[in-house]
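Worksheet: the structure to be examined is printed underneath.
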Amino acid sequence: MIDLLKKTLLAGIGMTLMTKDKAEELAREIVKSAQLSADKGEEFVKEAVKRAERGRVDLEATIQRIVDETVKRTNLATRDDIVKLNARIDQHDAERHG
């Protein structure tokens, strides 16, 4: 029963965006209610926090990838494109007036 609860919680934490403090707080509440030993409890808390962080990092990477792909598909100018274009305009103006 505890293993099932642990696996379910850890899967949920890994898929959500949760702050380290919130993940730790939730894990400690579960440890307390499940009456785990100090060693098992601390191991559970560390694993929960680690999975929450990994989930956050993975979610950020996924969002960035989707945004990048969307920008490419829509053919929008990126910040780099605009900077390069401005530099070309400035160079052209300098050559014309210089």
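The values are calculated or read from the model by the stated rules, or taken from the named source; none is laboratory data. Being a predicted model, the structure only gives us computed values, none of them experimental. A quick note on method: Cβ atoms are made from the backbone with ideal geometry, for glycine too, and the neighbour counts reach across all protein chains shown.
Every residue in segment 29-43 that is of a type outside the set (V, I, T), touching a helix residue (DSSP H, G or I) at 6+ places or on another chain (Cβ under 8 Å) and modelled with pLDDT under 75, please.
Answer for segment 29-43, where residues must be of a type outside the set (V, I, T), touching a helix residue (DSSP H, G or I) at 6+ places or on another chain (Cβ under 8 Å) and modelled with pLDDT under 75: A34, L36.
For segment 68-98, which residues satisfy the criterion of being part of a loop (DSSP other than H, G, I, E, B) and surrounded by 10 or more Cβ atoms within 10 Å (Cβ to Cβ)?
Across segment 68-98, the qualifying residues are A77, T78.
Looking only at segment 48-62, count how many residues are of a type in the set (A, V, I, L, M, F, W, C) and more than 8 Å from the chain's Cα centre (by Cα).
Result for segment 48-62: 3.
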